[in-house]
Amino acid sequence: MSDELTKSIPKEKLDFLSKLFTQSEGKSQKELMREVLPLLKKAKEKGLTFTQAEMAAAIAAIRKHGSAEDNAQIDQLLKNVSQRQK
């Protein structure tokens, strides 16, 4: 992800987000949760965390360059993750 919005985010974090986004493409909600949650858990175990600003910048960059379908998928992923964290 090469965008002015993400220039301050460390490469390791951008690589993780890229992998997360790539693995979520074309998946149903059930498939997303089965694949994304383990990735998020693994990142947390490695101490890979994101500030609110980093997440907002990454999401804005993805939305800027993504299709309507990509953006809908991001919305669904964020909704699912926030529901799991409650």
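The values are calculated or read from the model by the stated rules, or taken from the named source; none is laboratory data. All figures in this text were calculated on a predicted structure; none of them were measured in a lab. Here the Cβ is made from the backbone with ideal geometry for all residues, glycine too, and neighbour counts use every protein chain on show.
Things worth noting here:
- Any chance A72 is aliphatic (A, V, I, L, M) and under 12 Å from the mean Cα position of the chain (by Cα): no
- Within region 57-68, considering residues that are of a type in the set (G, A, S) and within 14 Å of K7 (Cβ to Cβ), the one surrounded by the most Cβ atoms within 10 Å (Cβ to Cβ): A58
- Residue check, T49 polar (S, T, N, Q) and either loosely packed, with under 13 Cβ neighbours inside 10 Å or touching a Gly at 6+ places or on another chain (Cβ under 6 Å) (or both): yes
- Of everything in region 13-39 that is among the polar types (S, T, N, Q) and closer than 18 Å to R63 by Cβ, the residue that is modelled with the highest pLDDT is S18.
- Just one of the listed residues (S18, S82) is within 16 Å of D3 (Cα to Cα) and either hydroxyl-bearing (S, T, Y) or in contact with a Cys (Cβ under 9 Å, 6 or more places away or on another chain) (or both), namely S18.
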